[in-house]
Amino acid sequence: MHRVAPRPPTEQRLRDLAALRRVRDRIDRDYAQPLDVPALAREVHMSAGHLSRQFREAYGESPYSYLMTRRIERAMTLLRRGDLSVTDICFEVGFSSLGTFSTRFSELVGMPPSVYRRDAELLSIPPCVTKRVTRPIRNREAPLPTTRLP
């Protein structure tokens, strides 16, 4: 019986990083499609747990969090544009529930989508600056509102 020598860890790590880039690129490209971690893992021949651990190690967040961030970033752009309803935007960016969209948006941005749209209309920030300063905050780190409405 012929045995194959194990690959050096660096070679395996490079293959894993290439697979992780393919997953990240797929999320970036197909964020509005129904994506789930087990399906993404199958595409790169990894278990869902291994993909999640490796992705978090490489990019600082889970594949699911990365997907949600991409969806919310796109929703923010569409809300600033102002030609679609919040409900239309919800489905356009890949959410299947308006409640889930609003909750996740509020967690990442710190305000509901309707308030974000209203505030974005009041500000006149060039698009090149807007994208940089309005990037959503990951992992429930949005600051709590300082004022309360009656």
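Observations, loosely collected:
- When Thr77, Thr10, Thr100 are sorted by how many other C-beta atoms sit within 10 angstrom of their C-beta, beginning with the fewest, the order is Thr10, Thr100, Thr77.
- By the count of other C-beta atoms within 10 Å, a proxy for reagent exposure, Val109, Val115 are ordered fewest to most as Val115, Val109.
- Here the extension length gained between Glu43 and Arg29 equals 3.6 nm, from 0.36 nm per residue of separation less the Cα-Cα distance.
- Residues Leu98, Leu79 arranged by fewest to most Cβ contacts within 10 Å: Leu98, Leu79
None of the figures in this text is laboratory data; all of them are computed from the coordinates on show. The model shown is predicted, which means the values in this text are computed figures rather than measured ones. Ideal geometry is used to build each Cβ from the backbone, glycine not excepted, and the neighbour counts take in all protein chains shown.
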